[in-house]
Amino acid sequence: MPEATAHFYEFGDFRLDAAKRLLQRHDGTTVPLPSKAIDTLHFLVEHHDVVLDKERLMEAVWPDSIVEENNLSQSISTLRRALGETPDSHRFIVTVPGRGYRFVAEVRTADEVEALPTEPVHPSQPQVAREDPAPAPPTRSGGYPIAPIAIALAVLLLATGGFFWWRTSTRQSAAQLPVSTAANRVPDKSIAVLPFENLSGDPENAFFTAGVQDEILSDLAKIAALKVISRTSANLYKSGSPRNAREIGQQLGVAHLLEGSVQRSGNRIRINAQLVDARTDAHVWAHSYDRDLADIFATQSEIAQTIADQLQARISPAEKAFIEESPTANVAAFDSYTRGAALINNARMNRTEKEDLLQGIVLLENATSNDPKFFLAYCKLAEAHDRLYRAGLDHTPERLAAADSAVRSAVRLRPDSGESHFARALHLYSQGLHDAAREEVALMRRTLPNDVRCFALVANIDKEEGHWTDFVENLRRSLEVDPRNTELLYQITWGYESLRDYQQEAATLERS
């Protein structure tokens, strides 16, 4: 962190001593914070009333390290709890959709003011694990009552103490924590489709390879008798990196893994696929498919059905029909779709989010131009338009109309598809029509039983309506098929915070 331009910063009922890297209340009691949380707060306060991009914040707080957004999210979450904020009320730190964060409280610099007395800390007791005595009687300072903040901080410290007790009592690393609480709970009919390896000479075929993997995963996810891990968690295990089947199986809570490779050359394609028992590291099945490129979609469906047979998972006639539906007969359209979908799936809340979404839309429009009946492309188009509208990146009637047009096209082509129902649910949610969105999600689940979006979308609605018990439960169900998604874990901590279940909150933070 750079040298502080002011010695003290005062805001609300708090004072930050930049030199000592210490946050205190006005009564002199110390608010224990991790080192990086203090650094984050210092940078936010020093640049108050300015929107700080996430990249700028991460570069300032972790100048010599390569970190993910989750590190920053965790620091922000810690600060909000320490400052007594709630998920629905932010007096200090505000999230700016698509950008980053802004410190909105009035900040006063006090270079010449004498430091407040520091609350004594017993040398044998780590400050962060303290359990403070009951808060002082409520007073007023700077026009704000401090009682709610003092109470929230006292509860935070109790939760922190519980967190460290839990941490020392479990000793299981977050990376190795399986979805199930016991290894023998892993169902036999469970699988993760790991990223396929691109064996083509052209690196551009990586998008096509990812599309093949994603279609096989999507086909398997339509089978209710299977537990199928979502794309977000499965894609953490990149191709070309060493893989330990048993560790991956434990981390994802599955009994089987599907690995493979794709080689595309001219009008020919070769797909190698192998099924591995993650419990024993034994190869259960393997096969190579040498086909015309035009047969790629039928081949993907064939692989999915073969895997289901190997796992002895019953496929209903309706599921079989959905699996055998080809997304498109046009390879050029599929190429544009895989590129556009990758941009939209990977777009993050940063300075390039809007540009990534708009570029993805152009590619998806190319896909629908090549194949006006490309159903999945319309679904993804609707998602991108709605996201631009909902996130405030383009909150205009024109953007909402573009989303509505894409939804109507998808529903017209396949009205009974789970993807159609999800497109409609997301579109309704973007307009604040919660009850109608819930109804569409319920219909979606009939054909997409393993889709994490079913529970995640309803959880968002629960959060906005203040139904915290349902919010947590839906996110926990999301984690069953998306166990390595740390964003879900952070969201759950908000739910436990609102429910005052601090032991579960601490356990979830440790897992994340």
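The values are calculated or read from the model by the stated rules, or taken from the named source; none is laboratory data. Here the structure is a predicted model, which means the values were calculated and not measured. Cβ atoms come from the backbone with ideal geometry, glycine included; neighbour counts cover every protein chain shown. Ligands, DNA and RNA are stripped out before the accessible areas are found, and what is left, the full protein with its side chains, is counted by its heavy atoms. Shrake-Rupley method; radii C 1.70, N 1.55, O 1.52, S 1.80 Å.
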Carbon/sulfur accessible area of the stretch 188-232, % of total, 1.4 Å probe, equals 50
Dipole check, the stretch 372-461, charges on Cβ (K,R +1; D,E -1), about Cα centroid: among LEU448, ALA423, ALA437 the Cα furthest to the positive pole belongs to LEU448
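Could you rank VAL186, VAL61 by how accessible they are, 1.4 Å probe, largest area first? Let's see the in-between values first.
On the way: VAL186 30, VAL61 0 Å².
Putting VAL186, VAL61 in descending order of accessible area: VAL186, VAL61.
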Can you give me the pair-distance distribution of the stretch 245-345, C-alpha pairs, 5 Å bins, whole percents? 2, 11, 17, 18, 20, 18, 11, 3, 0
Just the number please: accessible area per residue for the stretch 439-487, 1.4 Å probe, all protein chains included, in Å². 44
Once ligands and nucleic acids are excluded and a 1.4 Å probe is used, how much of ASP202 is accessible, expressed in Å² to the nearest 10? 70
Computed accessible area, ARG445, all protein chains, 1.4 angstrom probe, square angstrom: 100
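Report D for the stretch 385-512 in µm² per second (integer): Stokes-Einstein, Kirkwood Rh on Cα pairs, 10 °C, 1.306 mPa s.
Numbers: Rh = 15.5 Å.
For these conditions, the coefficient is 103 µm²/s.
Please get the size of the charge dipole for the stretch 242-383, origin at its Cα centre, with Cβ charges of +1 on Lys and Arg and -1 on Asp and Glu, quoted in debye to the nearest 20.
Values: 15 positive and 19 negative charges, 52 e Å.
Dipole about the Cα centre, nearest 20: 260 debye.
Take each of the peptides 374-384, 217-227, 309-319, average the number of other beta-carbon atoms within 10 Å over its residues, and list them starting from the highest.
Working: 374-384: 26.6, 217-227: 23.2, 309-319: 14.5.
By packing density, highest mean first, the sequence is 374-384, 217-227, 309-319.
In whole percent, and with a 1.4 Å probe on the protein chains, what portion of the accessible area of the stretch 455-512 is carbon and sulfur? Could you put the intermediate results ahead of the total?
Working: 880 of 2340 Å².
Of all accessible area on the stretch 455-512, carbon and sulfur atoms account for 38 percent.
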Ordering of 417-425, 241-249 by packing [mean C-beta count within 10 Å, highest first]: 417-425, 241-249
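For Cα pairs less than 8 Å apart in space and 6+ apart in sequence, what is the mean separation divided by the residue count of the stretch 421-483, i.e. the relative contact order in percent? Let's see the in-between values first.
On the way: 58 pairs, mean separation 17.1, N = 63.
Relative contact order comes out at 27 percent.
Pull out a ≥ b ≥ c, the square roots of the eigenvalues of the alpha-carbon gyration tensor of the stretch 459-512, then state rounded if a/c is under 1.5, prolate if not and a/b is larger than b/c, and oblate in the remaining case.
Numbers: a/c = 2.08, a/b = 1.12, b/c = 1.85.
Here the stretch 459-512 falls in the oblate category.
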Once each part is reduced to its C-alpha centroid, what is the distance from the stretch 477-512 to the stretch 257-287 in angstrom? 34
Checked against the positive end of the charge dipole of the stretch 308-447 (+1 on Cβ of Lys and Arg, -1 on Cβ of Asp and Glu, about the Cα centre), the farthest of ALA332, GLN359, ALA318 is ALA318
